[in-house]
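Working notes, beginning with the structure itself.
Every number in this text was worked out from the coordinates using simple rules, so none of it is lab data. Keep in mind that what you see is a predicted model, and the values were worked out from it rather than measured. Note: ideal-geometry Cβ built from the backbone for every residue, glycine included; neighbour counts use all protein chains shown.
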Amino acid sequence: MDRQAMHEAVTTELAARCLAALQQADGPATAAGLARRLALAGCRETQRRHVRAIVQELREQGHRIVAANPEGYWLTEDITIWKAYLEGRQIDAKQIIGEAARRKKMTADATGQGLLFVAPAMAGVG
């Protein structure tokens, strides 16, 4: 299931059930645990993506859901924690954009292009 289809599969009932599960949790809830509680179909990766889409929908509704690997998802009312989480996500996004820009430059740059396909002898292999 692609991202758009997954987003469309987030029903109001499913989002409400997920929010209730997060509210009732004693601590962080893993994606696998939420998938079991919500009885989501599919393989583990499909379930994980579905949970992520549900969480994204809840965030868009204004719920402060923090995520950390491997702990899982949890709700916070603490604005300081929420702001720190958002700042961390912003830093992550900047790093991803920077890496993508570097790779794009390497494919366009004659010298950089050569670095993408280093011969085994040059790479110390062989």
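Quick look at the values:
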{"item": "Residue list for the range 6-46, restricted to those being on the phi < 0 side of the Ramachandran plot and assigned to a loop (DSSP other than H, G, I, E, B)", "result": "A9, V10, T11, A25, D26, G27, P28, T30, L40, A41, C43"}
{"item": "Residue that is nearest to E13 (Cα to Cα) [pool: residues in the range 52-85 that are aromatic (F, W, Y) and touching a Ser or Thr at 6+ places or on another chain (Cβ under 9 Å)]", "result": "Y73"}
{"item": "Filter pass, Q24 being within 17 Å of T11 (Cα to Cα) and of a type in the set (S, T, N, Q)", "result": "no"}
